[in-house]
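Only one structure is covered here, and it is reproduced in the block below.
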Amino acid sequence: MAKRNARFVCQHCGGVTTKWAGKCEACGEWNSIVEEMDGGGIGGGPGRKPRRGRVVPLLPLVGATDSAPRIVSGIGEFDRVTGGGFVRGSALLVGGDPGIGKSTILIQAAAELARRGQRVVYISGEEAVAQVRLRAERLGLLDAPLQLAAETSVEDILTTLEAGERPALVIIDSIQTIWTEMAESAPGSVAQVRTSAQALIRYAKESGATVVLVGHVTKEGTIAGPRVVEHMVDAVLYFEGDNAGHFRILRAVKNRFGPTDEIGVFEMTGKGLREVPNPSELFLGERSRASPGAAVFAGMEGTRPVLVEVQALVAPSPLGTPRRAVIGWDSARLSMILAVLEAHCGVRFGQHDVYLNIAGGLRIQEPAADLAVAAALVSSLAGATLDPTSVFFGEVSLSGLVRPVAHAMLRLKEAEKLGFMTAVAPASRGGEERGPSPMRLDTVEQLADLVARVA
Ligand code: TYD
Ligand code: MG
């Protein structure tokens, strides 16, 4: 019998060291290192005899499809994010704050699949079967032939799954409550979560079922403790949005079988999550009357145009170093826009606090939002309302030039559809045909052109 070694694992990031320390060298977290016993891992531990694997040619078999075989969930916004449905034999991690609606969306998707004749098993480690059933009743899903189980042990789960027909989809809610006899530490620890996830992912690969692991996220935005699971699964989806508001956004942060820039938009209602196929209407529906500091950005989320309001508040600061606070955008990018406005347009923010917010809980990553952000900032500083029928898009360079961005046509079309009249944007790159349209294009070449128009 091989000697078992003790090792020390950070419960925050999963980093491994050979001796105990008060602070994790890898992530800087204090008091997160716990001793774990090594060995006795999955697959029978040190005594296991090696086995010859099977080698297959890369060339597909005759008649095989070229794309990954998928099961469509039937919830369009969900399928958009996964890239067209659940991939057979893959493992998915769905993360999000507690209470954001992970269990709700998954039971809805599970019920949709079960209704279409697939075997779907929903395993809850957090709630009793009666509670899950109560939720399903509230969501009007009782007619779906969904199978429920309340289990927390991986061995029990695998035995349960092996009985009966092979499932198409297995949901484990949540991975933090699952434990296995193969790891010796306490349930919820990194070793438990990692070993349990490994066993469940292996089950997915071997059986061809899609396994969805639910994971709670800490305030810092990482899956609590087992960040290691993110590296093990094929796709990681985050469910986000503010708990108080009713918008929810599903975003892929990793996807081996699809895009990572698509979002799915949902609305939390009394009857569960409702798909929002046209997010612009929803994000703009919240808009109050036009006021200084508000600019509508014609953005893109993946392949879909999304119009959203950018809100800025610029107020005189009593502090020596004024505050800059951003929600939904990159704070380094805000500093850059402020610097360009100061250096090239003579607009000074040195004595002012600056707050920037993207309405509806959306998080924007595109540099195309630069122009809308600049418009909102200048409008708030000047106390001048922007034309409420205008949208803005364009990337600002350090030299103060406004540069064209991709998909100008799609952005314009979406704005037109929602009743906007003018687009303030750079002249598009040559070649993009606009066709007849009632939208007026107000082209800006320099950021200073915009400032002159607003102030
Ligand atoms: P839940 O799916 O349990 O969140 P998670 O699994 O991510 O922890 O969602 C819980 C919240 O959703 C709870 O605050 C109540 C709300 N909710 C609704 O508003 N309507 C509904 O139909 C359901 C089922 C939940
Ligand atoms: Mg839950």
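Observations, loosely collected:
- Listed by first and then second residue, the pairs with beta-carbon distance under 8 Å, at least 6 apart or on different chains, first residue in the range 93-106 and under 16 Å from G125 (Cβ atoms) and of a type in the set (D, E), second surrounded by fewer than 21 Cβ atoms within 10 Å (Cβ to Cβ) and at pLDDT 95 or above, form an empty list.
- Going through (1) of a type outside the set (S, T, N, Q); (2) loosely packed, with under 14 Cβ neighbours inside 10 Å; (3) without any contact (Cβ under 8 Å) to a residue 24 or more places away in the chain; (4) over 20 Å from L341 (Cα atoms) one by one, A452 falls short only on (4).
- Residue satisfying all of: in the range 350-373; of a type in the set (D, E, K, R) and at pLDDT 95 or above; farthest from H407 (Cα to Cα) among these: D353
- For M409: the one exception among (1) under 33 Å from the mean Cα position of the chain (by Cα); (2) in contact (Cβ under 8 Å) with a residue 60 or more places away in the chain; (3) assigned to a helix (DSSP H, G or I): (2)
- One residue stands out among those in the range 143-180 that are of a type in the set (S, T, Y) and away from ligand 2 (no atom under 16 Å from the Cβ): the one that is surrounded by the fewest Cβ atoms within 10 Å (Cβ to Cβ), which is T159.
- Selection within the range 90-135: residues that are among the charged types (D, E, K, R) and assigned to a helix (DSSP H, G or I). The member of this set that is farthest from ligand 2 (Cβ to nearest atom) is R115.
- Residue in the range 262-272 that is in a loop (DSSP other than H, G, I, E, B), free of Cβ contacts under 8 Å to residues at least 40 places away in the same chain and of a type outside the set (S, T, Y) present: yes
- If the condition is being surrounded by 14 or more Cβ atoms within 10 Å (Cβ to Cβ) and either part of a strand (DSSP E or B) or outside the structural domain of V396 (by TED's automatic domain parsing) (or both), then the range 316-326 contributes R324, V326.
- Of all residues in the range 72-89 being out of contact with any Asp or Glu (no Cβ under 7 Å at 6 or more places or on another chain) and assigned to a helix (DSSP H, G or I), the one that is surrounded by the most Cβ atoms within 10 Å (Cβ to Cβ): T82
- Subset tally (residues that are within 16 Å of ligand 1 (Cβ to nearest atom) and either outside the structural domain of G164 (by TED's automatic domain parsing) or over 13 Å from L148 (Cα atoms) (or both)) for the range 109-121: 2
- Only a single item in (1) touching a residue at least 60 places away in the same chain (Cβ under 8 Å); (2) surrounded by fewer than 19 Cβ atoms within 10 Å (Cβ to Cβ); (3) assigned to a strand (DSSP E or B) is not met by P305, and it is number (2).
- Residue selected from the range 173-194 under the condition in a helix (DSSP H, G or I) and within 16 Å of ligand 1 (Cβ to nearest atom), by the criterion nearest to V120 (Cα to Cα): I175
Residues are listed down the side, and each one gets a yes or a no for (1) of a type in the set (F, W, Y); (2) within 16 Å of ligand 2 (Cβ to nearest atom); (3) modelled with pLDDT of 90 or more:
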{"residue": "R202", "(1), (2), (3)": "no, no, yes"}
{"residue": "V217", "(1), (2), (3)": "no, yes, no"}
{"residue": "T222", "(1), (2), (3)": "no, no, no"}
{"residue": "V229", "(1), (2), (3)": "no, no, no"}
{"residue": "E262", "(1), (2), (3)": "no, no, no"}
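- Among the criteria (1) assigned to a helix (DSSP H, G or I); (2) at pLDDT 90 or above; (3) surrounded by fewer than 23 Cβ atoms within 10 Å (Cβ to Cβ), the one P292 does not fulfil is (1).
The values are calculated or read from the model by the stated rules, or taken from the named source; none is laboratory data. Since the structure is predicted, the reported quantities are computational estimates derived from the model, not experimental observations. Methodologically, a virtual Cβ is constructed for each residue, glycine included, from the backbone with ideal geometry; neighbour enumeration extends over all protein chains shown.
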